[in-house]
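All remarks here apply to the structure that follows.
The values are calculated or read from the model by the stated rules, or taken from the named source; none is laboratory data. All values derive from a computational prediction rather than experimental measurement. Glycine also receives a Cβ, built like all others from the backbone with ideal geometry; neighbour counts cover every protein chain displayed. The accessibility values were calculated without ligands, DNA or RNA, using every heavy atom of the protein model including side chains. Shrake-Rupley method; radii C 1.70, N 1.55, O 1.52, S 1.80 Å.
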Amino acid sequence: QLQASGGGLVQPGGSLRLSCAASGSIFSRNVMGWYRQTPGKQRELVARISSGGNINYADSVKGRFTISRDNTKYTAFLQMNSLKPEDTAVYYCNAGGSLYSTSGPYWGQGTLVTVSS
């Protein structure tokens with residue numbers, strides 16, 4: 001029901017764009033979010049966007065990452081610029097949570113982002 005794509009290997013300072021395609025019933029009116037996880041650590045928030053376009057970013061990505069959504073195509077995006085090695089993680093898209101607190105019940109399968117020279 002959520003399909004994430006766009007991960008890969010990129011050099012430090014580079015860019016990637018992640019996409020999350022959702023079914024209409026999940027996407028519409030729901031907050032869409034991106035989270036990331038590295039081995040041995042808890043999954044953490046990257047960014048969330050409401051159906052009306054309100055946005056919440058983790059401090060670690062502010063000014064570098066941009067979350068957006070296309071409500072006509074049921075797709076959310078995460079544009080990642082100025083990538084750092086510490087951004088290396090599996091990135092998951094999420095739907096149905098709240099903008100400033102909890103994640104929702106719907107998760108994509110994850111896409112691996114590796115930032116390395």
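Kirkwood hydrodynamic radius for the chain: how many Å is it when counted over pairs of different Cα atoms?
With all distinct Cα pairs of the chain included, I get 13.8 Å.
Quick one: among 53, 13, 40, which has the greatest mean-square fluctuation in a GNM of the chain with alpha-carbon springs under 10 angstrom?
40
Given the rule -39500 (n - 2.57) for each run of at least 4 DSSP H residues, summed and divided by the residues of the chain, what is its mean residue ellipticity at 222 nm, to the nearest 500 deg cm²/dmol?
Taken over the chain, the calculation gives -500 deg cm²/dmol.
Pick out, in residue order, every one of the chymotrypsin sites (Phe, Trp or Tyr not before Pro) in region 51-117 that is DSSP loop and has at most 13 other C-beta atoms within 10 Å; say none if there are none.
100
How high is the relative contact order of region 1-48? Use alpha-carbon pairs under 8 Å, at least six apart in sequence, and give a whole percent.
28
Treat every Asp and Glu Cβ in the chain as -1 and every Lys and Arg Cβ as +1, leave all other atoms uncharged, and give the resulting dipole magnitude about the Cα centre to the nearest 20 debye.
Computed charge dipole of the chain: roughly 120 debye.
Taking trypsin sites (Lys or Arg not before Pro) as candidate sites, keep only those in a DSSP loop with at most 13 other Cβ atoms within 10 Å, then name the longest stretch of the chain containing none of them.
Value returned for the longest uninterrupted segment is 74-117.
So for the chain, averaging the separation of alpha carbon pairs under 8 Å that are six or more residues apart and normalising by length, what relative contact order in percent results?
Value for the chain: 36 percent.
Give me the number: length gained by fully extending residue 81 to residue 112, i.e. 0.36 nm times residue separation minus the C-alpha to C-alpha distance, one decimal in nm.
Stretched fully, the residue 81-residue 112 segment lengthens by 9.6 nm.
Roughly speaking, to the nearest percent, how much of region 1-53's 1.4 Å accessible area is carbon and sulfur?
The computed percentage sits at 45.
Where both partners of a DSSP beta bridge lie in the chain, what percent of those bridges are antiparallel, to the nearest 5?
90
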